[in-house]
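Undergrad: Quick one: structure below, then a few questions.
What follows is calculated from the coordinates using simple rules that are stated; it is not laboratory data. A quick note: this is a predicted structure, and the numbers were derived from the prediction, not measured. So basically every Cβ, Gly included, is an ideal-geometry build from the backbone, and we count neighbours across all protein chains shown.
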């Protein structure tokens, strides 16, 4: 699943200077979560996460992935206090 998600997103986040750090699809109780961690050389703020979320959500929705009733969780990698 991780490789497929990376393929679907491809270089669509380049304009935001973002890269995918990790992709995890997991089940918690009765809920499915698709968690995507983003990384960048610059600070990742909430506005940047929101822009990336719109791009990623559209790409996944228009893909051939068989995902239904999942929670998409997109977040920035911590820079350890930088």
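Undergrad: With everything on Cα atoms, drop me the angle between helix 46-61 and the longest principal axis of the chain, reported from 0 to 90° to the nearest 10.
TA: Between the helix axis and the principal axis of the chain, the angle is about 30 degrees.
Undergrad: Indicate, rounded to the nearest 5 percent, the antiparallel portion of the DSSP beta bridges found entirely in the chain.
TA: DSSP beta bridges in the chain are roughly 55 percent antiparallel.
Undergrad: If eta is 0.692 mPa s and T is 37 °C, what Stokes-Einstein diffusion coefficient results for the chain, Kirkwood Rh from Cα pairs, in µm²/s?
TA: It comes out at roughly 248 µm²/s.
Undergrad: Tell me, what is the percent relative contact order of the chain, built from C-alpha pairs under 8 Å that lie six or more residues apart?
TA: 34
Undergrad: Here's a follow-up. For the pair residue 21 and residue 68, what calculated FRET efficiency results from E = 1/(1 + (r/R0)^6), where r is the Cβ-Cβ distance and R0 = 30 Å, to the nearest 0.05?
TA: Efficiency computed from Cβ-Cβ geometry: 0.70.
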